[in-house]
């Protein structure tokens, strides 16, 4: 794959890094880029299977490092708030370089970032694939407290939520993918994993149910939050959604 490293500045002067992977030979006329967005604690290198599939399907691909991740500059991770604004900067960069409106493909925090950005970018996106987003950050904190620490949500989650809002300006109730989905106007594919205990199916389904745009829903068989095997069924689902745009 032929690619180059691209760097831009966020609106608050954080350096953001990405790989721009060019279309494979014979697909040069494809001007719709696909932006791949990783999850919390990962980086663009974790997304090689996503990049490869999109490349095989003929798309130019921009794989980004979220702020505070990978080769992007150090920054507080804001769990989708500023990351979604960074995504808007990336889209501006693509359009300024002759590409058309992109498809966003995010997983976990990347899915949240894509949905939050999509709610503000009406008429400026080709489509969104959101794999395992939470409904809102507050509920995600509750789920993670129960799954990882086996503790009652109250009072710990309430204290954490208060601290996030007071110290960092992050209101967990307002980092809300359900509300974002209501305002998205492009085609939307929502994925949930059958064995995901971190973003369980009912949580993800709330996002799908809220969307008023053309939308598709698929539960990935035998998958947990992290595992994506890119088996033929998975590849076919992604390819069919993209080819139908």
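The values are calculated or read from the model by the stated rules, or taken from the named source; none is laboratory data. Note that this is a predicted model, so its numbers are computed, not measured. Note: ideal-geometry Cβ built from the backbone for every residue, glycine included; neighbour counts use all protein chains shown.
Quick notes on this one:
- If the condition is being under 17 Å from residue 242 (Cβ atoms) and either at pLDDT 95 or above or under 15 Å from the mean Cα position of the chain (by Cα) (or both), then the range 22-54 contributes 33, 34, 35, 36, 37, 47, 49, 50, 51, 52, 53, 54.
- Taking the listed residues 195, 206, 122, 150, the one that is in the same structural domain as residue 47 (by TED's automatic domain parsing) and at pLDDT below 95 is 122, with no other qualifying.
- Here the condition is being surrounded by fewer than 19 Cβ atoms within 10 Å (Cβ to Cβ), within 26 Å of residue 236 (Cβ to Cβ) and in the same structural domain as residue 39 (by TED's automatic domain parsing); of 105, 217, it holds for 217 alone.
- Leading residue by the ranking (farthest from residue 68 (Cα to Cα)) among those in the range 1-19 that are out of contact with any strand residue (DSSP E or B) (no Cβ under 8 Å at 6 or more places or on another chain) and loosely packed, with under 12 Cβ neighbours inside 10 Å: 11
- Residues satisfying the stated conditions in the range 1-19, i.e. under 17 Å from residue 83 (Cα atoms) and assigned to a loop (DSSP other than H, G, I, E, B): 10, 11, 12, 13, 14
- Candidates 30, 36 - the one that is touching a residue at least 24 places away in the same chain (Cβ under 8 Å), touching a helix residue (DSSP H, G or I) at 6+ places or on another chain (Cβ under 9 Å) and in the same structural domain as residue 88 (by TED's automatic domain parsing): 36
- Counted as qualifying within the range 143-245 are the helices (runs of 4 or more DSSP H) with 2 or more residues that are without any contact (Cβ under 8 Å) to a residue 40 or more places away in the chain and either farther than 18 Å from residue 112 by Cβ or in contact with a strand residue (DSSP E or B) (Cβ under 7 Å, 6 or more places away or on another chain) (or both), namely 156-168, 201-210, 232-243.
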